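J.: Sharing a structure here in C-alpha cells format.
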Amino acid sequence: MAPTNQQAKSSRVKAIAGGKQPKARVARYLKSTESQLVEGAKSALLLKGIRCSDAMSTVLKDIRAVKAPYGKLLTKNNVIVPFDDEGQQSIEFLTTKNDCSLFALASHNKKRPNNLVLGRTFDRQILDMAELGLTYYKSLKDYGGAPKKRIGSKPMMLFVGDRWHLDHEYRKLQNLLLDFYRGDPVEKIVMSGLDHIMVFTITDGVAVPGLDSEPLPAIHQRTYYSKLKKDPAGGKAPIPHLTASGPDMDFRIRRTQYASPDVWKAAMKQPTVLKKKAKKNQTTNMFGETIGRLHLD
C-alpha cells in the first residue's frame with residue numbers, strides 16, 4: 001500500500017532532521033519551503049562553472065542586478081556539468097539549499113565559449129534547461145550615464161519574430177525567459193511602475209563555421225529604460241520614451257532539455273481552490289463585456 005501524502009511528508013522531514021523529530025525552528029523552516037496556493041516571486045541562483053571568464057562573470061553580475069532583489073550569486077567555481085546526471089544533482093542540491101527555483105550557470109571553454117545555461121526546477125528537481133552561446137554582450141557598465149530601472153520593478157517583455165509562435169522549441173524558450181525575468185506576480189499594474197522593457201528579437205539563421213547543419217537563428221536581447229511623458233498632441237495616454245540601458249546580448253541555442261509532457265502537466269496543475277467556477281448563463285464577449293442570458297417561463 002502506498003504511503004499517504006502526510007506519511008511521505010513526515011518521513012521526508014525526519015530524513016532531513018537526521019532520523020529524529022525536527023525541532024520547532026526546523027519544522028517552521030520546512031513549512032515555509034512547502035508549496036503555497038499563491039507563490040511569490042521566484043529567486044534565481046547564479047553559478048559559475050568549472051571555468052568562468054571575466055566576461056561571463058560580468059554577465060552573472062548583470063543578471064543579479066536585473067533580478068534584484070531575487071538573485072543570489074555564488075562567487076566560487078563549481079565542478080558542474082549541467083547536462084550530466086551528477087551535475088543535475090548538484091544543481092538540485094544547491095537550488096534547494098538556497099531556496100531558489102531558477103538558476104543560471106556561466107562557463108567558458110574552448111569547445112563551448114561564452115556558455116550560459118538557464119533553467120528552472122519543479123518539486124526540487126530540474127524541470128527544463130536551455131544552453132545558450134553568447135556572441136555579443138554589452139554590460140551595464142558600458143551604459144554608465146544611462147538611467148537604470150528601480151529595484152524590484154517588473155519588466156515589459158516583447159518577443160519579435162514568427163519563430164516564437166511557430167517553432168515548438170523556441171516557444172518553450174520563450175516560456176522559460178518569461179518565467180525567469182517576470183518578477184513578482186501582481187493583479188494590477190501601475191503605469192508609473194513600468195520603467196523598463198526587454199525586447200527579444202529572433203532573426204534568420206547565419207551559418208556557423210565548423211557546422212554542416214542548417215544555420216542557427218540568432219536571438220538579440222535588448223533592454224531599454226522607459227519614461228512616460230505627456231502626449232504633445234494633447235492625448236490623455238502618456239507616450240513612452242525609450243533609452244538604451246542594457247544589458248544587451250546576442251545568443252544562439254546550443255542544447256536544450258525540456259520537461260516531458262507528464263512532468264509538464266504536473267508542473268502546470270493548479271489547485272482546485274484557485275480555479276474560477278463557471279457561472280451559468282453568463283459569458284464574456286471579445287470586448288470584455290459581460291453578457292447574461294435569462295430564461296422566462
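The values are calculated or read from the model by the stated rules, or taken from the named source; none is laboratory data. Predicted, not measured: the structure shown is a model, and the values here were computed from it. All Cβ positions, even for glycine, are placed from backbone atoms using ideal geometry, and neighbour counts span all protein chains on display. Only protein heavy atoms, including side chains, enter the accessible area calculation; ligands, DNA and RNA are left aside. Shrake-Rupley method; radii C 1.70, N 1.55, O 1.52, S 1.80 Å.
J.: Against the definition (open to solvent by less than 60 Å² (accessible area, probe 1.4 Å) and either outside any strand (DSSP E or B) or not small (Gly, Ala, Ser) (or both)), how does Thr256 come out, yes or no?
T.: Against the criterion (open to solvent by less than 60 Å² (accessible area, probe 1.4 Å) and either outside any strand (DSSP E or B) or not small (Gly, Ala, Ser) (or both)), Thr256 qualifies.
J.: Something else now. If I filter the range 66-95 down to residues being within 17 Å of the chain's Cα centre (by Cα) and open to solvent by 50 Å² or more (accessible area, probe 1.4 Å), which single residue comes out as nearest to Ser43 (Cα to Cα)?
T.: Going through the qualifying residues, I end up with Tyr70.
J.: Also, quick follow-up: With the requirement that a residue be open to solvent by less than 100 Å² (accessible area, probe 1.4 Å) and either at pLDDT 80 or above or not in a loop (DSSP other than H, G, I, E, B) (or both), what does the range 286-297 give you?
T.: Thr290, Ile291, Gly292
J.: Condition test on Val199, is it among the aliphatic types (A, V, I, L, M) and closer than 28 Å to Ser57 by Cβ?
T.: So Val199 passes the test.
J.: A further question on this structure: Can you tell me which residues in the range 62-99 are in contact (Cβ under 8 Å) with a residue 60 or more places away in the chain and basic (Lys, Arg)?
T.: Of everything in the range 62-99, just one residue is in contact (Cβ under 8 Å) with a residue 60 or more places away in the chain and basic (Lys, Arg), namely Lys67.
J.: Of (1) open to solvent by 70 Å² or more (accessible area, probe 1.4 Å); (2) β-branched (Val, Ile, Thr); (3) under 30 Å from Gln36 (Cα atoms), Ile126 satisfies all except one. Which?
T.: The number of the failed condition is (1).
J.: Out of all the residues in the range 9-30, is one or more modelled with pLDDT under 95, within 29 Å of Arg150 (Cα to Cα) and assigned to a loop (DSSP other than H, G, I, E, B)?
T.: Keep residues of the range 9-30 that are modelled with pLDDT under 95, which gives 9-30.
Checking which are within 29 Å of Arg150 (Cα to Cα) leaves us with none.
Scanning the range 9-30, I find no residue that is modelled with pLDDT under 95, within 29 Å of Arg150 (Cα to Cα) and assigned to a loop (DSSP other than H, G, I, E, B), so the answer is no.
J.: Tally up the residues in the range 51-65 that are open to solvent by 60 Å² or more (accessible area, probe 1.4 Å) and either basic (Lys, Arg) or under 16 Å from Arg222 (Cα atoms) (or both), please.
T.: Number satisfying all stated conditions: 3.
J.: Kindly provide the set of residues from the range 269-284 that are loosely packed, with under 10 Cβ neighbours inside 10 Å, in contact (Cβ under 8 Å) with a residue 12 or more places away in the chain and within 18 Å of Val38 (Cβ to Cβ), ordered by number.
T.: Val273, Leu274
J.: Something else now. Please go through the range 104-130 and pick out each residue that is among the aliphatic types (A, V, I, L, M) and farther than 16 Å from Ile63 by Cβ.
T.: Ile126, Leu127
J.: Which one of the conditions (1) assigned to a strand (DSSP E or B); (2) open to solvent by 20 Å² or more (accessible area, probe 1.4 Å); (3) charged (D, E, K, R) does Arg112 fail to meet, given that it meets all the rest?
T.: So Arg112 meets the others, but not (1).
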